[in-house]
Amino acid sequence: MAVYGTLDTLRAQLARPEHFAVTLAYVAEALRPDSAAQARIARIAAGVTERVELSGGAFALEQVYLTKSRNEGRWETHRAYIDVQVVVAGEELMEVADAAHLVVAEDLRPAKDLIFYRPFDGGSVLHVRAGEAAVFFPSDAHLPSLRTGAAATLVRKTVVKVPVWDFWF
């Protein structure tokens, strides 16, 4: 099931942190105020996503966007990658649920590692602030990028995609 918290919490709670070494090193850099990664994310315009290649088949999607209402969001899962979603600036709500409880609405595989689900009201809510992250495994349906209040706010975030094969083997 999903893991949530600060970088130190992720390091302590991940069952096999050695498989996340590249990811955790990148996340530490992205969260360090004087780093090249954080400066790069700070320069991204709203609505833009930039891909950064990491080693071992992992990559990061550095992005900036306005949070959305729950009705605008879509539940999703991924089978080929584990998501490590890190809020660098701003805050958002993310929901998480066991994908076994949801009904598939659209399966975009194999073209994309993305499965969308029908609306679902039984998820747990995470309030993710700057410097915090959530790790979503293939069984974790998640609904990210949600507003924390009535108004949309700007979020600077990076989502690291960690290959599942790297995790299990």
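The values are calculated or read from the model by the stated rules, or taken from the named source; none is laboratory data. For clarity, every value in this text was computed on a predicted model and none was experimentally measured. Using ideal geometry, Cβ is built from the backbone for each residue, glycine included, and neighbour counts are taken over all protein chains shown. Keep in mind that these areas ignore ligands, DNA and RNA; they rest on the heavy atoms of the full protein, side chains included. Shrake-Rupley method; radii C 1.70, N 1.55, O 1.52, S 1.80 Å.
A few notes on this one:
- Gain on full stretching of the segment that runs from Ala15 to Ala46 - 0.36 nm per residue minus C-alpha separation: 7.7 nm
- Net charge of neighbours whose Cβ lies under 13 Å from the Cβ of Arg129, counting Lys and Arg as +1 and Asp and Glu as -1: -1
- Whole-Hz Karplus values for segment 47-59 come out as x, 10, 10, 10, 9, 10, 7, 10, 8, x, x, 7, 8 Hz, taken residue by residue from phi with 6.51 cos²θ - 1.76 cosθ + 1.60 and θ = phi - 60°; glycine and proline positions read x.
- Taking 22 Å as the straight-line reach from the Cα of Lys112, the lysines in range (excluding those fewer than 8 positions away in the same chain) are Lys157, Lys161.
- Shown in residue order for segment 13-18 are the 3J(HN,Hα) couplings computed by the Karplus curve 6.51 cos²θ - 1.76 cosθ + 1.60 at θ = phi - 60°: 9, 5, 5, 10, x, 4 Hz (x for Gly and Pro).
- Split the accessible area of segment 2-160 by element, probe 1.4 Å, and carbon with sulfur accounts for 53%.
- Spread of Cα-to-Cα distances over 10 Å intervals beginning at zero, given as percent, for segment 42-113: 13, 43, 38, 6
- Using 0.36 nm per residue and subtracting the Cα-Cα separation, the extra length available between Ala36 and Leu66 on full extension is 8.5 nm.
- Protein-only accessible surface order, largest first, of Lys161, Lys68 at 1.4 Å: Lys68, Lys161
- Shape analysis of segment 1-64 places it in the prolate category; the axes a ≥ b ≥ c from the Cα gyration tensor give an a/c of at least 1.5, with a/b above b/c.
- Residues of the chain: accessible area per residue with a 1.4 Å probe, Å²: 48 Å²
- The chain: calculated mean residue ellipticity at 222 nm from DSSP helix runs of at least 4, using -39500 (n - 2.57): -5000 deg cm²/dmol
- Histogrammed with a bin width of 5 Å, the alpha carbon distances of segment 50-169 distribute as 2, 12, 20, 24, 22, 14, 5, 1, 0 percent, first bin at zero.
- Along segment 63-68 the Karplus relation, 6.51 cos²θ - 1.76 cosθ + 1.60 evaluated at θ = phi - 60°, assigns HN-Hα couplings of 8, 9, 7, 8, 4, 10 Hz to successive residues, with x for each Gly and Pro.
- Under 5 Å from the amide H of Leu146 lie the amide H atoms of Lys68, Leu93, each residue being 5 or more positions distant or on a separate chain, with H modelled from the backbone and absent for Pro and chain starts.
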